[in-house]
Structure formats: structure tokens, C-alpha cells
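Worksheet: one structure, shown below.
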Amino acid sequence: MIRILAALLVSLAAHPQQLETFDAVWKTVADKHWNPKHLESLPGGGSWESLREPYRQRVQAAANQSEVRTILREMISKIGKSHYAIAGLEMKGNSAMRQGGGTSPGFRVGLVEGRVVVTGLNPKFTQVALGWELKAVDGTPILTKIEVAETLQTGLRLHQMLQNQISGFAGESLSYDFVLPGGLKKKVTLKMPERDGSSGFGFVQGVNVQREFALLGKNKDVGYFRLDMFLDVVRVLPQFEQAIQTCAKCKGFIIDLRGNPGGVAVMANAMAGWFVKDAGVKLGTMYQRGVDLDFAVIPRLNGFGGPLAVLVDSASASTSEILAGGLQDLKRACIFGARTAGAALPSVIETLPNGDLFQFAVANYVSESGRELEGVGVKPDLEVAHTRAALRAQRDLPIEAAINWVYANPSVALRR
Amino acid sequence: MRTLLWLCAVSVSFAQNPADKILERYLEVTGGKAAYDKVKSVSMLGTMEIKGQGVKGEMRMYRKDGGKYYTVVDLPGIGKQEDGSDGLTVWDKTVLGPRLKTGVEKFLATCAAGALSEYGRGPLEKDNCYSKAELVGEETFEGRTVYKLRMTPKEGKPEEQYYDKETGLLVKTRMIMPSPMGEVPIVAVVNEYRVIEGIKTPVKLTNEMGAVSMVMNFTSVKFNDSVPETMFALPPEIQALVKAGKK
């Protein structure tokens, strides 16, 4: 779910509070991981119990809070699952990578054919065009190497790393060095948008939630709704409803979840409700310790019955995967793009005794057909990726594929 | 004649279910049946907090004779989650969308509304809601001895209620709540009672559902306050569902 505002912390010496923090993390996992058997035999060997004393001793000997954080991160990484994280404010002075402020400049970038290029633009954003290659932000070269093993979640991490490098603080001006098609170099100075009033949830605050509705296709008869995070529930869901109502006579509808890392999980159910007609439908099941919850979908009156396409990529995670995978299982949507991140565990975030934030998974998610998406992701029905040539021609191939599919499937889609 | 009366009394005493005695004692220690009989409506204002997650919002509950109720929780970042009944139609309107409650869910929601609180059906609607009450035994809860009762609703799954042996107060309920997301096990703990207009009323409660713990804290509770009928009117989305005959 997550972009996190960290608590106020700087290099405090390790003291009993840190041990209390260690105990809180260790016990939370022991008590709340949905599958105790997983903790008895961790992927890298050993059990969660066996980690307790060695890591507790390391925390006791830690010089400062930053070191404690590093030790705890190492410990929770042994669980081998997504949605375990410790967050706090840290200085990364020795890193060559630019650390942005989290506010998007109005465009998105991706790694296409080995180059960092503009892959998406916010509506009415005209200072930059698709396909431009980005070389540096405020004089700092864009980095694309990530120090993680090659996993499905590499795409998610790379996406987040790239968007972070191009982001700034609200109101801040940044310069961007581009190479245009044909080799022309261009420097563009952009002022970061102010906060747009998007509401977060719990400790996830301070983000602008990008959402966009448009009518696409040759006759402007295909609805398109893009959401870059499942937050700002109070405004996004009514906007989505409005999009559905506007699109009552559309030939089809596209939900674009590319780069969407998730958020408030029940938004997936709420959005799916506009595309099903029968009661008793669900997107899957969330298995917690002692509690199994269905991702139930409540059919809405005056929903949309036409063809539905969902766009995903390797940075579509969590709630995005629940929505895409669930609709795919229900045979209600055709999925386009690239395999998703495989980071699909429902999680919560709590404050630790030392003020850091601890995100931990509380459940396993299994889709309606019995698929565990964690570590696997959602495989698109049609794999389609950006190409530099297409982007330079201002074409978004996954969107085009979805539109073409809609036009080729004019009949009313299967609805359950 | 006196002997016959005495025998009858003994007979009744022996025949009385020990669980019933515990439930009757709850009524007594919290104010007595007469005090409850005077209550025709309830307004409860306070907060709901998702413990440890930085989420806290306003909560309001209204109850009125005739099975009418309306509850709204306004959580920052999520918005209003509403739940209500006009005495006939039982509904909710959450992030998932508007919905009519039917079957067991409708029955239990109506029972809870009659019990004046959100911690479960409690003993107040015993005859209307439950077909059986049994004393299972004694346990220790938070260092105190409690009676454990198994209460079987006329519809739905049995629940366990725990009454403090010394004070007679309900301290915990374990129940299975039907919902669109399936059957949800809930442990509801009463953290605090306060005497309001002669009735010892639960004003702070913690509901645990799996990994999530929610704390409800009512700072204002009023009995027989003027609650307008419009409070229980069906929202337009619910009216549309009723009209469409949709569940």
C-alpha cells in the first residue's frame, strides 16, 4: 500500500526503547503472520524463533537508530514476503541516487529498451512529450541499477526508484535534461504541483493521487480511467462512478493500473461492483490467522456491461493485483500489459516504540480461482509493452491494444 | 396453602436457568428493567479508532423504538460508513457500495439495535433474539472471574457472553457476524461503563477482528433525546435498491 511519512528520527543511541522496538517487531510477526507454519521454516532456512536472540543481541549493540532499522529490515527480509517494511527518515548522503520529494512533476518515466523515457503524461501536461529520453534531474544522472536479486518485484522497485528520482517537493522547481527524438538535447524546468488535497489513509499521507478519465478511440467511445494509487477514497470513488455513468453508452471501458502500487484494498471491490450484476461474486479471499474474509463485490445499479480491459505492468502491485486478478478470474476483464509485481499481501502499518513505522502483512490473498498472487503476479491475457519508437510517435501500445480489443469485441461481455 | 406456595417457589427457583439469573442480574446492576423500559430513544456520539494505525474518526449512533437505527462512522481518508434501518428496511452504505441486509444479517442487526449498543445483542433483547441461554462455566478474564454464557440466537450462530462474577457486568462477547465479506469472528470487550440517567451504560468498547482492533469511545450518551424521524429515512441509493428489488 505504500508511500510512508516517516516519524522524526535521527541517530539516537540504542537504548531500552530500541529493544522494545525489536520486541514489538518480532512479536507482531510471531502473533500476526497469517501462517505460523511459514514462520517455522523460513525460505532461507531456520525459523522465526531462531532469529530472535541473535538479532536482539545485534540491536542491543547497535550504535544508533539508523543501525537498528537496518538490522530489523534484515530480519524481516528473512520472512521472504512482500509488505514487510520499516520506515524512518534517513539521510543517504553517500548515495549517488537523487532522492526526490515524492511529488510527481506531471509525467512518468519507465525503462524501455534500456533507456529511461517518458511513458505517461498527466492530462493537459504539455511541457514534455512521450518518448523523450531523460538523462538527469537537477544535474544528477538518472540511475537504473537496483541492488536486488532478479525477482518479479524488481519491476516494482525500479518503477518506484525512477519515479522517486524525478519527483520533487510541492512547489519546488527542478530542471530535467532530456534527449529528444533525433538526438536534440533539451533542458526543461518544471515547478512541482502543489498538494492537490488528496486524502491519505492512516500513516500514508502527503501524496497527490493522480486520476484521470478520458474518452478514447476513434469515436471517443471507449472509457478510460487511470489511477496511480488506491487512495483518496472519498473523491476517487465518486469520480469513478461519474466516469461509469458518463460512459453508459461506451463500446468498452479501460482501467489503467500501470505503476499503481496499491492502497486501500476495498477500493478494488468498490470499483469492481460497477462491472458485475450478480450478488455473491468476489475477487478472492483474504486469509488471516483465524479469520477468512472474502473480497466481496456488491453489484451496483446501472453498472457497465460492455467489454472491460485492465492495463497492468510490473509496477502494478497489491490492490491493483487483487482487482486485475479478481476480474480476470471472473472472466469479466481482459488484462493487458506485463506481469504484475506479485506483491499482493494485505498489510497494515503501525507505529513502533521508537517512532519508526512498521508495515507488516496480516493476510494471504488467494484469487477466486485459487491462485496465490504473492510472488507470482497476474499474467496478462495479452502481453504488450511500450517501444521507444511507438512512444516517440506519441503512441501508447498497451492502450491501443486494449482499444482494438474493445472494438473487436462489441458484444456484451460475460457478466457474473 | 402456604406450603403449596412455598413448593411452587422452590420449583420455580430450581427450574430457572442459571444463565437467566446472570442475565437478569445484569439488568439489575445496570439500572433495572424499569429504567430500561423508560428508554425510547438513544443518541451516542463519540469516536472510532483503528488502534495503532493512525486512523480515528467521528462515530454517531441513534436508536429509536420500532427497530429504527442509524449509525455513521466518518473515517479520515475513507469517508462515511453508514448503517441503518427505518424499522422495515435494514441497509448499509460503505466503501463497497449501498446494500440491503437480509436473512440472518438483518435479524441480528435488528437485535443489536434493540440492545442500545454496538457491542453485540447483549441480554437486553433476550426473549426477542435468543432461543437458548446456557451457563457454560467460569473463566478468568483480565484477572477476574467471569461466567461464560453460550447464547443461541433465533437466527445465526451461537455467541459467548462473559459476565463478571462479582459485579454482574458484561465484559466480553465473542460472536460471529455475517457480512458481505463472509462470517467475521469478533471479540468485543467493554472497557468502561458510565452511569447515564440511572443506567450503567457501556461507553468504551474494543472490537477485535483478526489483526484489526477498533476502539469505540462515546463521550456523549443521551436517552430520550429528540431524535427526528428523518434520521432513519432511507438514503436515495437505498430507496433505489428497494425500488429495483435488488439485494
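Taken together, the values in this text are just the output of simple stated rules run on the coordinates, not laboratory data. This is a predicted model, so every value here is computed, not measured. Ideal geometry is used to build each Cβ from the backbone, glycine not excepted, and the neighbour counts take in all protein chains shown.
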Extend 7 Å from the Cα of A:Asp138 along its Cα-to-C-beta direction; within the stretch A:168-191, residues with backbone N under 14 Å of that point are A:168-177, A:189-191
Under 20 Å by backbone N from the virtual spin label 7 Å along Cα-to-Cβ at A:Asp278, the residues of the stretch B:62-100 are B:100
If the label point sits 7 Å along Cα→Cβ of A:Ser77, residues of the stretch A:29-52 with amide N under 18 Å come out as A:42-48, A:51-52
Flagged as over-length at 23 Å C-alpha distance, from B:Lys56/B:Lys204; B:Lys165/B:Lys204; A:Lys124/B:Lys80, the pairs are A:Lys124/B:Lys80
Taking r as the C-beta separation of B:Glu138 and B:Glu192 and R0 as 25 Å, the FRET efficiency to the nearest 0.05 is 0.60
If every Lys and Arg gets +1 and every Asp and Glu gets -1 at its Cβ, then about the Cα centre the stretch B:17-244 yields a dipole, in debye to the nearest 20, of 140
So, with points 7 Å from each Cα along the Cβ direction, the A:Met97-A:Asn404 label distance in nm works out to 3.5
Taking the dipole of the stretch A:181-336 about the Cα centre (Lys, Arg +1; Asp, Glu -1; charges at Cβ), the one of A:Cys247, A:Phe230, A:Gln288 that reaches farthest to the positive side is A:Cys247
Between the alpha carbon centres of the stretch A:299-346 and the stretch A:252-273 the gap in Å comes to 7
Expected max-MSF residue from A:Gly44, A:Gly259, A:Gly223 in the GNM of chain A (alpha carbon, under 10 Å) is A:Gly44
Helix-only [θ] at 222 nm, chain A, -39500 (n - 2.57) per DSSP H run of 4+, per residue, nearest 500, equals -8000 deg cm²/dmol
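When Cβ neighbours within 10 Å are restricted to other protein chains, what is their mean count per residue of peptide B:89-101? Intermediate results must be reported in sequence, preceding the final value.
Numbers: counts 0, 0, 0, 1, 0, 4, 11, 11, 13, 4, 5, 0, 0.
The shielding value for this peptide is 4.
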Per the beta carbon screen (other Cys under 4.7 Å), unpartnered cysteines of chain A come out as A:Cys334
Per the C-alpha gyration tensor (a ≥ b ≥ c, the square roots of its eigenvalues), chain A is rounded if a/c is under 1.5, else prolate if a/b beats b/c, else oblate; here it's oblate
Computed over chain B: longest principal axis from alpha-carbon atoms vs helix B:18-29 long axis, angle to nearest 10 degrees, is 70
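Tell me, what is the FRET efficiency for A:Val188 and A:Thr246 to the nearest 0.05, using R0 = 30 angstrom and their Cβ-Cβ distance as r? Present the calculation step by step, with values, prior to reporting the outcome.
Numbers: r = 33 Å, r/R0 = 1.11.
About 0.35, to the nearest 0.05.
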Taking a straight Cα-to-Cα line shorter than 23 Å from A:Lys27, and setting aside same-chain lysines fewer than 8 residues away, one finds A:Lys37, A:Lys78, A:Lys81, B:Lys51
Of all GluC sites (Glu not before Pro) in the stretch B:146-232, the ones in DSSP coil with at most 11 other Cβ atoms within 10 Å are B:Glu166
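Within 10 Å of each Cβ in peptide A:286-298, how many partner chain Cβ atoms are there on average? Round it to a whole number, please.
Across A:286-298, the average partner-chain Cβ count within 10 Å equals 5.
Ignoring chymotrypsin sites (Phe, Trp or Tyr not before Pro) that are buried or in helix or strand per DSSP, and keeping those with at most 16 other beta carbon atoms within 10 Å, what is the longest stretch of chain A between them? Intermediate results must be reported in sequence, preceding the final value.
Working: sites that count: A:Phe125, A:Phe169.
It works out to A:170-416.
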